[in-house]
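See structure below.
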Number of protein chains: 2
Amino acid sequence: MPTYFTSAPGKVILFGEHAVVYGKVATAGSLGLRSNTLIQNRTDGLIQVNLPDVQLVSAWKIKDIPHQTTWEGYPYPPSTMNMTLLEQLGTFVDLAEHTNRSQAAIALLYLHSYLSTNDDVDMAGGIQGGYDFSVRSNLPVGAGLGSSASYSVCLATALLQLNGYLSGEGTKEDKRDLINQWAFQAEKVIHGNPSGIDNTVSTLGGAVMFKKGEKIEPLPGFQSLRFLLTNTRVPRETQVQVANVRKLQEKFPSVVNPMLDAIHEISVSCKDLFAQEDQDRSHLLSRFGELVDVNHGLLAALGVSHPALEKVREISSKLGLKSKLTGAGGGGCALTLIRDDVTPETVAVIKQLLEAEGFQCMETQVGGPGVGVLTLGAPITIAEFLSHDRAYFEAIQHWTYFS
Amino acid sequence: MPTYFTSAPGKVILFGEHAVVYGKVATAGSLGLRSNTLIQNRTDGLIQVNLPDVQLVSAWKIKDIPHQTTWEGYPYPPSTMNMTLLEQLGTFVDLAEHTNRSQAAIALLYLHSYLSTNDDVDMAGGIQGGYDFSVRSNLPVGAGLGSSASYSVCLATALLQLNGYLSGEGTKEDKRDLINQWAFQAEKVIHGNPSGIDNTVSTLGGAVMFKKGEKIEPLPGFQSLRFLLTNTRVPRETQVQVANVRKLQEKFPSVVNPMLDAIHEISVSCKDLFAQEDQDRSHLLSRFGELVDVNHGLLAALGVSHPALEKVREISSKLGLKSKLTGAGGGGCALTLIRDDVTPETVAVIKQLLEAEGFQCMETQVGGPGVGVLTLGAPITIAEFLSHDRAYFEAIQHWTYFS
């Protein structure tokens, strides 16, 4: 009865937010802030769930949960969502609808219905089965950093791992694809109509380029970059910002369209930058910083910045650092590139200045590994798992990554 | 022996700075801040010059100044600059070279050499001739607001008027063209290789569109607009900014070129805006403000803004007003559009906030009349002329305009 940790990163959009709505290429990378999950068998027939980040602490009897034994495409998820099952589960969890808590619970039970194998065995052998499922996330919820995708990837990986789907002979690519597809199912439960970018980045790690309606492609040669991530705590209003850009584009298409083209070309230039072999890393970072600067400028010109985001720019620019908003803008988060030559003292100063404005700062990297699994030698208590902090999980060296 | 005032506006670039370097269209308008000139005959053979704005107070004997009696293309200026004359005059004025003061003096003497007719008459009749020439300008010198062009247009008009070139039967267009061509000569004396845009805007008034190597065209239907002009007092560094944009364009041509296209299209959209007949003025101003906003954003994205210019944007944006840098950027001036519905109280508040930052604010309009002449009934003293303030000249109703 093994105990597993699974771990999956959040994501940030590096370049191309908003332009992606108009069919342009965008670039996203995995974020060093991750969700970490404990999954281990129980023997009392219960799923014991602890998700403190969304205030979900609950236990369900496995025998009460619907179970799908066969389906088209096994072991990959069915091509269409099982709406009947979704409705059943909605009634079953009996939590206020469409809260982070209820969506997280339903996503878990939806994947459980397909992937859980040990409850059948338990019935036959008289054992009750069940498992502990706990998640701690270092990602702020609802900040555009892919916290739900990192949850979905952790969840899919945990259930696939516990039920033996990842221990077969398949290639790493096959296993990664299986995880990503089930994580996408969980994302659909949570979001309705997700793009699939967040779960893909979280599964693969590194950086990807994507375009509406086209396959998400890893960005070749991408090197991990250090960033200071600043949450302005100004609520994002994604729909409002998207609508404002649309209004501007409809008023002045001849002006706005080439701006969207320019943003598209920033992602292409970023790709070209990492494709150059043997280049000096400080040159790479300097060029990347310039792209950061220009992309923010174009987003501001499209009207999606915010005084708080401009404040981040003002403070970082005084220290010679390049920042841009990330995501829909109008609030939310900004990324500040920390070049390799930036001293810890400078980072401390900028953090202090930003925090004095009421912002929340986190040092992190972009482009690190995707989903990972760790098999523990012995069961641990949920309390012990929940007591571990970000540094504990980051210090673990022997994750098995699928990227 | 009549006494004349001449008056000519400065200019501001409304849209297209920097992009114009790459062959894109830009838009400029005449500025409500003007230079005003007194010219009247003397009988002692002296040109008595008072230009307090460039610290030039001098008197020259007419008989010592070279005189060109005939030239190709008369009365229009010769097609090439008279370099021999320029050298002679440089020695004659005996002021430190290439100061605003020496250039203003040489420009005056250069035009005098061609245009002065009364010194010949004086010699024959035993009268000594001569004239007073005094200028007061409301334009800050070296702020990118066309102060030298407004001086050049005032100067050309004053000498043409005093010497009878503007009193013939020619059309207004002919006279305007004669003024503009001589003003361009003065600009060449002052700047070496001017574009001709500043003197054209100053002569014509209103607004113009221009493109490198093409004819400067008036912007049809342009309506006068109110602006708050803010001088950040941060010195401009035109060459540095132009070079920085060039560097960015060379590094990322595929990104920067569509940005320059977008700026081009802002001027085109501005033209289209004013070409629409019977449109609501508040709608026009709202659209114009959006173009102001986007153009500044694009300039900032090109890297030519400055914290002081961003401060102007921040303050005006809090009061719901749209601003952009004007000119080369990296310092210099910003324009804030004052819509018709903006109350005097709001204008007072924004001025107060901007002045508290150490900036200099001037309320003015863009798109007013070009060069004007006023014939006074009786001579006045230089001291009296110099005592008049901006409001005095603005209150004069019966200027003869050539636009």
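What is the Cα radius of gyration of the protein assembly as shown over 2.2 N^0.38 Å, N being its residue count?
Numbers: Rg = 35.4 Å, N = 806, 2.2 N^0.38 = 28.0 Å.
The value comes to 1.27.
Nearest-to-axis residue of chain A, judged by Cβ, for the A-to-B rotation, with distance in whole Å?
Spelled out, residue of A and its Cβ distance from the axis onto B: A:P258, 2.
From the phi angles alone, apply the Karplus equation (6.51, -1.76, 1.60; θ = phi - 60°) to the stretch B:135-150 and give each ³J(HN,Hα) in whole Hz, x where the residue is Gly or Pro.
For the stretch B:135-150, the Karplus-derived couplings read 9, 10, 10, 9, 9, x, 7, x, 9, x, 10, x, 5, 5, 5, 5 Hz, x marking Gly and Pro.
Which of B:K175/B:K324; A:K324/B:K11; B:K212/B:K251; B:K61/B:K188; A:K251/B:K188 have a Cα-Cα distance over 32 Å? Provide the component values of the computation, followed by the final result.
On the way: B:K175/B:K324 35 Å; A:K324/B:K11 34 Å; B:K212/B:K251 23 Å; B:K61/B:K188 24 Å; A:K251/B:K188 41 Å.
Beyond 32 Å between Cα atoms: B:K175/B:K324; A:K324/B:K11; A:K251/B:K188.
Calculate the mean, over all residues of peptide B:310-323, of how many other protein chain Cβ atoms lie within 10 angstrom of the residue's Cβ. Don't skip to the end; give the middle numbers.
Values: counts 5, 1, 0, 3, 4, 0, 0, 2, 1, 0, 0, 0, 0, 0.
Partner Cβ neighbours, averaged per residue: 1.
What ³J(HN,Hα) values, in whole Hz, does the Karplus curve 6.51 cos²θ - 1.76 cosθ + 1.60 give for the stretch B:252-266 when θ = phi - 60°, with x put for Gly and Pro?
In residue order, the calculated couplings are 10, x, 5, 8, 6, 4, x, 5, 5, 4, 4, 5, 3, 5, 5 Hz.
What are the residues whose amide H is under 5 Å from the amide H of A:V234, where those residues sit 5 or more places off or on another chain and H is modelled from the backbone?
Those lying under 5 Å, H to H, from A:V234 are A:G332.
Go through A:V371, A:A19, A:W182 and say which Cα lies farthest out towards the positive end of the charge dipole of chain A; charges sit on Cβ, +1 for Lys and Arg, -1 for Asp and Glu.
A:A19
Roughly how many nanometres apart are two label points built 7 Å out from the Cα toward the Cβ at B:M1 and A:Q55?
Computed distance between label sites B:M1 and A:Q55 equals 9.3 nm.
In nm, what is the difference between 0.36 nm times the number of residues separating A:Y22 and A:T375 and their Cα-Cα distance?
Numbers: separation 353, 0.36 × 353 = 127.08 nm, distance 4.37 nm.
Gain on stretching A:Y22 to A:T375: 122.7 nm.
Where in the stretch A:45-72 does the amide nitrogen come within less than 19 Å of the point 7 Å from the Cα of A:H191, taken along Cα to Cβ?
So the set is A:54.
Between the label point of A:P235 and that of the same position in each other copy, find the distances and list them shortest first in nm, with every label point placed 7 Å from Cα along the Cα-to-C-beta direction.
Here the equivalent label points are 4.9 nm apart from this one.
Once amide H atoms are built 1.01 Å from N in the peptide plane, which residues 5 or more positions from A:G205, or in another chain, come under 5 Å H to H?
Counting only residues 5 or more places away or on other chains, the set is A:G370, A:V371.
Quick one: if you stick a label point 7 Å off each Cα along the C-beta vector at A:L386 and A:H98, how many nm between them?
In this crude label model, A:L386 to A:H98 measures out at 2.9 nm.
On alpha carbon coordinates alone, what is the Rg over Rh value for chain B, Rh being the Kirkwood radius? Don't skip to the end; give the middle numbers.
Working: Rg = 21.7 Å, Rh = 22.0 Å.
Computed over Cα atoms, the ratio is 0.99.
What list of ³J(HN,Hα) values in whole Hz, one per residue of the stretch B:208-224 in order, does the Karplus curve 6.51 cos²θ - 1.76 cosθ + 1.60 (θ = phi - 60°) give from phi, with Gly and Pro shown as x?
Result, rounded to whole Hz: 10, 10, 8, 8, 3, x, 10, 5, 7, 10, x, 8, x, x, 4, 9, 4.
Aspartates and glutamates within cross-link reach of B:K24: Cα-Cα under 15 Å, excluding same-chain residues under 8 positions apart?
B:E214, B:E217, B:D261, B:E265
Spin-label point model (7 Å from Cα, Cβ direction): what's the B:M83 to A:M83 distance in nm?
Rounded to a tenth, the inter-label distance reads 8.4 nm.
Contact order normalised by length for chain A, with contacts defined as Cα pairs under 8 Å and 6 or more residues apart; what percent is it?
Computed value for chain A: 26 percent relative contact order.
For the modelled label position 7 Å from the Cα of B:Y76 along Cα-to-Cβ, which residues of the stretch B:203-222 have backbone nitrogen atoms closer than 20 Å?
Within reach of a label on B:Y76: B:203-205, B:211, B:213-218.
How big is the stretch A:156-208 along each principal axis, measuring the range of its Cα positions in Å and listing the largest first?
Cα extents, longest axis first: 32, 24, 12 Å.
Have a look at A:S282, A:P2, A:G73 and report the one farthest towards the positive end of the charge dipole of chain A, computed about the Cα centre with Cβ charges (Lys/Arg +1, Asp/Glu -1).
Toward the positive end, the furthest listed residue is A:S282.
If the only charges are +1 at each Lys and Arg Cβ and -1 at each Asp and Glu Cβ, what is the size of the charge dipole of the stretch B:225-366 around the Cα centre, to the nearest 20 debye?
Numbers: 16 positive and 18 negative charges, 107 e Å.
In debye, rounded to 20, the stretch B:225-366 gives about 520.
Positive end of the dipole of the stretch A:225-366, charges at C-beta (+1 Lys, Arg; -1 Asp, Glu), about the Cα centre: which of A:A348, A:A262, A:V312 has its Cα farthest in that direction?
The residue sitting most towards the positive pole is A:V312.
What angle, in degrees between 0 and 90 and rounded to the nearest 10, separates the Cα long axis of helix A:307-318 from the longest principal axis of the Cα atoms of chain A?
For A:307-318 against chain A, the angle is about 70 degrees.
For A:M259, B:M1, A:M209, which order do you get if you count the other beta carbons within 10 Å of each Cβ and list the fewest first?
Numbers: A:M259 30, B:M1 11, A:M209 23.
In increasing order of surrounding Cβ atoms, one gets B:M1, A:M209, A:M259.
To the nearest 0.05, what FRET efficiency results for B:D280 and A:D44 with a Förster distance of 51 Å applied to their C-beta separation? Let's see the in-between values first.
Details: r = 73 Å, r/R0 = 1.43.
According to the calculation, E is roughly 0.10.
Mind putting a number on the dipole of the protein assembly as shown about its Cα centre? Charges go on the C-beta only, +1 for Lys and Arg and -1 for Asp and Glu, and I need it in Debye to the nearest 20. Can you show the working numbers first?
Working: 64 positive and 82 negative charges, 60 e Å.
For the protein assembly as shown, the charge dipole is close to 280 debye.
Would you list A:C154, B:C270 from fewest to most Cβ contacts within 10 Å? Present the calculation step by step, with values, prior to reporting the outcome.
On the way: A:C154 32, B:C270 24.
Fewest to most other Cβ atoms nearby, the residues stand as B:C270, A:C154.
The stretch B:50-188: D in µm²/s via Stokes-Einstein (Kirkwood Rh, Cα pairs, 37 °C, 0.692 mPa s)? Please report the intermediate quantities before stating the final value.
Values: Rh = 15.7 Å.
Estimated via Stokes-Einstein, D reaches 209 µm²/s.
When the helix-only estimate is applied to chain A (DSSP H runs of n ≥ 4, each -39,500 (n - 2.57), divided by the residue count), what is the mean residue ellipticity at 222 nm, nearest 500 deg cm²/dmol? Walk me through the intermediate numbers first.
Values: 13 runs with 174 residues, N = 403.
Counting only the DSSP helices, I get -14000 deg cm²/dmol.
Please compute, for peptide A:244-251, the average count of beta-carbon atoms on other protein chains lying within 10 Å of each residue's beta-carbon. Walk me through the numbers before you get to the answer.
Working: counts 0, 0, 0, 1, 3, 0, 0, 6.
The per-residue average across the peptide is 1.
Suppose every Lys and Arg Cβ carries +1 and every Asp and Glu Cβ carries -1, with no other charges. What dipole size does chain B come out with about its Cα centre, to the nearest 20 debye?
On the way: 32 positive and 41 negative charges, 156 e Å.
Rounded to the nearest 20 debye, it is 740 debye.
Over all residues in A:282-291, what is the mean tally of Cβ atoms on other chains that come within 10 Å of each residue's Cβ? It would help to have the intermediate numbers written out before the result.
Working: counts 0, 0, 0, 0, 1, 2, 0, 0, 6, 3.
The per-residue average across the peptide is 1.
Determine which lysines satisfy two conditions relative to B:K318: a Cα distance under 17 Å, and not lying fewer than 8 residues away in the same chain.
A:K311, B:K351
Of B:H398, B:H306, A:H18, B:H191, how do they rank once you tally other Cβ atoms within 10 Å and put the fewest first? Present the calculation step by step, with values, prior to reporting the outcome.
Details: B:H398 7, B:H306 20, A:H18 26, B:H191 15.
Least crowded to most crowded, the residues run B:H398, B:H191, B:H306, A:H18.
Let me know the Kirkwood hydrodynamic radius for the stretch A:225-366, please, with Cα pairs as the basis and the value in Å to one decimal. Can you show the working numbers first?
Numbers: mean 1/r = 0.0631 Å⁻¹.
Result for the stretch A:225-366 stands at 15.8 Å.
Near the amide H of A:Q68, under 5 Å away, which other amide H atoms are found, from residues 5 or more places off or on another chain, if H is placed in the peptide plane?
Correct list: A:Y114.
Cβ neighbours within 10 Å, averaged per peptide: list B:343-349, A:25-31, B:81-87 in order, most packed at the top.
On the way: B:343-349: 11.9, A:25-31: 26.7, B:81-87: 13.6.
Order by mean packing, descending: A:25-31, B:81-87, B:343-349.
Coordinate-derived values only; no laboratory data. Fair warning: this is a prediction, and the values are worked out from it, not measured in the lab. In this analysis, Cβ positions are derived from the backbone assuming ideal geometry, glycine residues included, and neighbour counts consider all displayed protein chains.
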